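Trainee: One structure coming up, written as structure tokens, with questions to follow.
What follows is calculated from the coordinates using simple rules that are stated; it is not laboratory data. As the structure is a prediction and not an experimental result, all values here were calculated from the model. All Cβ positions, even for glycine, are placed from backbone atoms using ideal geometry, and neighbour counts span all protein chains on display.
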Amino acid sequence: MVAEKTILVFGGYGGAGSAISRAVLEYTDADLIVAGRREEEARALAEGLNAKFPGGRAAWARADASDSATLKEPFGKADLVVDAATTVPFVEETARAALEAGADYLEIHYPQEVVSALALVAPEAEAAGITLVTQGGFLPGLPSVLVRWAETQFSEYWRARVYVAMRSDFDPGGAVDEFVGTLGDLSAEVFGGGRWRRAGRGDVRKVDFGPTLGTKTTYPITLAEVRDLPQELGVEELSVSVAGLNWFVDYVVTPLAFALGRVKKGFGRRPLARLMVFGSKRFGEAGEAVAAVLEAEGEKGGERVAVRLRVGHDDVYEFTAMPVAAFLRQYLDGLEIDGLGRPGLSFMGRVVDPVRFLKDLEDMGAKVEVELRGV
């Protein structure tokens, strides 16, 4: 790696944020700033990490998304800001604060409106030579990595479907609010017949996620990161789907999310999130698990072949942090990857080397399984 840089994790003591903060120290040589509006929690985590990892590489700072003045000083000490705070309405302001401080920016939020918000900042970032990276983590983030990885397995690439499932005892907060948004996505589309079309009942599929998660019903979702991949890769079919947590989510929360979504996008998200938390605790199985499955088809050596790739872990937050760390490893290598160092707005899964990315995930403890067979 090149000379050490400083990574600031905004919201760095939350569920995903604390996992990312640990990953920065465990998997990279970068220094770390744990930042958030509760300085005492940021300090406690940084001190705990310094006790675990030698070198005193972790510092802390107060930074409140609702008070942009508090962002200037800590962001000015960072080379890259990782936005893991549950403050989606402030994403544009946070990205602008990073831009004004001269820091690159990566966010890990699911809501697709984040991409539109960052697009407003992109021209200024490009002019200033600042890189904004959106849709990081495993959902979004990993689906486009998997779809692009499959291209390396074929001489001709025809179709790809990505499925994501998790089991988690959710606590109230921004993460579950965002997950509920995936279930009520009435705009979900799948690619086929040369165009993106509205998903229908025929696109709801049962998928085997392996012995830990088993077979689950999956529902299509919309991810901006995969929107241009059919044209880029020449595939005929492409879709991304997510599974519910359990029968209560599949048959109670999901139908309600769709019904309320017909009234207004995001309508009833908070009550649905509380219902999700109740369902995960009351009807969910014990233990955590998360997996992403890619099913792809194409031609290799003159034969029609199918590839199934499964990437999984037993901790949802760790599995969110690992893709961020895999991105950081490539980022810290001097921005030599195609497009990664380009100023302006990019998608995480579209600029990394997918082969190296998956190898790094495996080295970090994710389980990666590949099956290749004739069709």
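Trainee: Kirkwood-based Rg over Rh for the range 25-95 (C-alpha set), two decimals?
Mentor: Reported Rg/Rh, Kirkwood definition of Rh: 0.97.
Trainee: Find the eigenvalues of the gyration tensor of the Cα atoms of the chain, then list the square roots of 5 times those eigenvalues as equivalent ellipsoid semi-axes, largest first, in whole angstrom. Working shown, then result.
Mentor: Values: eigenvalues 196, 120, 83 Å².
In descending order, the three semi-axes are 31, 24, 20 Å.
Trainee: What's the local net charge at residue 28, with K and R +1, D and E -1, over the other residues with C-beta under 12 Å away? The partial results should precede the final answer.
Mentor: Working: positive: 5, 22, 57, 329; negative: 4, 26, 29, 31, 79, 333, 360.
That sum, taken over residues with Cβ under 12 Å, equals -3.
Trainee: Among 34, 130, 306, flag the residue with its Cα farthest along the positive direction of the charge dipole of the chain, charges on Cβ as +1 for Lys/Arg and -1 for Asp/Glu.
Mentor: Projecting each Cα onto the dipole axis, the largest value belongs to 306.
Trainee: Quick one: net charge of residue 43's neighbours, Cβ under 14 Å, K/R +1, D/E -1?
Mentor: So the surrounding residues net to -1.
Trainee: For the chain, find the longest principal axis of its Cα atoms and tell me its angle to the long axis of helix 316-332, 0 to 90°, nearest 10.
Mentor: 70
Trainee: Below 8 Å, C-alpha to C-alpha, sequence gap of six or more: please give me the relative contact order for the chain in percent.
Mentor: Details: 818 pairs, mean separation 74.2, N = 375.
Averaging sequence separation for qualifying contacts and normalising by length gives 20 percent for the chain.
Trainee: Relative to the longest principal Cα axis of the chain, at what angle does helix 91-101 sit, 0 to 90 degrees, rounded to 10?
Mentor: 40
Trainee: Just the number, please: percent antiparallel of the DSSP beta bridges in the chain, rounded to the nearest 5. Let's see the in-between values first.
Mentor: On the way: 43 of 73 bridges.
Antiparallel bridges make up about 60 percent of those DSSP assigns within the chain.
Trainee: Dipole size in debye (nearest 20) for the range 194-256 around its Cα centre, Lys and Arg Cβ +1, Asp and Glu Cβ -1?
Mentor: Working: 8 positive and 8 negative charges, 60 e Å.
Value, rounded to 20: 280 debye.
Trainee: Evaluate the charge dipole of the chain about its Cα centre and quote only its size in Debye, nearest 20, assuming +1 on the Cβ of each Lys and Arg and -1 on the Cβ of each Asp and Glu.
Mentor: 1280
Trainee: Of the listed pairs 52/216; 72/367; 72/359; 5/216; 216/367, which have alpha-carbon separations greater than 31 Å here?
Mentor: In this structure, 52/216; 72/367; 72/359; 5/216 lie more than 31 Å apart at Cα.
Trainee: Below 11 angstrom from the Cβ of residue 129, what's the summed charge of the other residues (Lys, Arg +1; Asp, Glu -1)? Before the final figure, lay out the partial values.
Mentor: On the way: positive: 342; negative: 104, 124, 126.
For residues surrounding residue 129, the net value is -2.
Trainee: Now for a separate question. For the chain, find the longest principal axis of its Cα atoms and tell me its angle to the long axis of helix 354-363, 0 to 90°, nearest 10.
Mentor: 70
Trainee: Can I ask one more? Please list 85-92, 5-12 highest first by mean number of surrounding beta-carbon atoms within 10 Å per residue. Write down the numbers at each step before the final one.
Mentor: Details: 85-92: 19.1, 5-12: 27.5.
The most tightly packed comes first, giving 5-12, 85-92.
Trainee: Out of all DSSP beta bridges with both ends in the range 23-111, state the antiparallel percent to the nearest 5.
Mentor: Antiparallel bridges: around 10 percent, rounded to the nearest 5.
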